[in-house]
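A quick write-up on the structure given underneath.
Read-outs throughout are calculated quantities, based only on the coordinates presented, and are distinct from any laboratory measurement. Nothing here was measured: the structure is a model prediction, and the numbers come from that model. Cβ coordinates were reconstructed from backbone atoms using ideal geometry, including for glycine residues, and neighbour counts include every protein chain displayed.
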Amino acid sequence: MQSPCVKICTYDAASGLCSGCGRTLAEIGGWAAMTDDQRRAVMEDLPRRLRGIVSAPAPPPAN
């Protein structure tokens, strides 16, 4: 099973999740060692997790 990484690796400290893929740091680091069932369980929960991440507003563009 492929990683859900979308190459937007930004850690959201409030939720403890990557705001790109929705995984915890432990899940990201341990992905290769997880069984397919473990990966599937994480994948099924990602949409809920991503909906719960509140992103900080983007800084204004530099002039």
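What is the local net charge at Thr24, summed over the other residues whose Cβ is closer than 13 Å to its Cβ (Lys, Arg +1; Asp, Glu -1)?
Summing Lys and Arg as +1 and Asp and Glu as -1 gives -1.
So what J values fall out for the range 20-28 if you push phi through Karplus, 6.51 cos²θ - 1.76 cosθ + 1.60 with θ = phi - 60°, rounded to Hz, Gly and Pro as x?
Those phi angles translate into x, 10, x, 8, 6, 4, 5, 5, 5 Hz.
First check a/c for the range 11-52, with a ≥ b ≥ c the square roots of the eigenvalues of its C-alpha gyration tensor; if it is under 1.5, answer rounded, and if not, answer prolate when a/b is larger than b/c or oblate otherwise.
oblate
Sum up the charges of everything whose Cβ sits under 14 Å from the Cβ of Arg40, counting Lys and Arg as +1 and Asp and Glu as -1, but leave Arg40 out.
Charge balance near Arg40 sits at -3.
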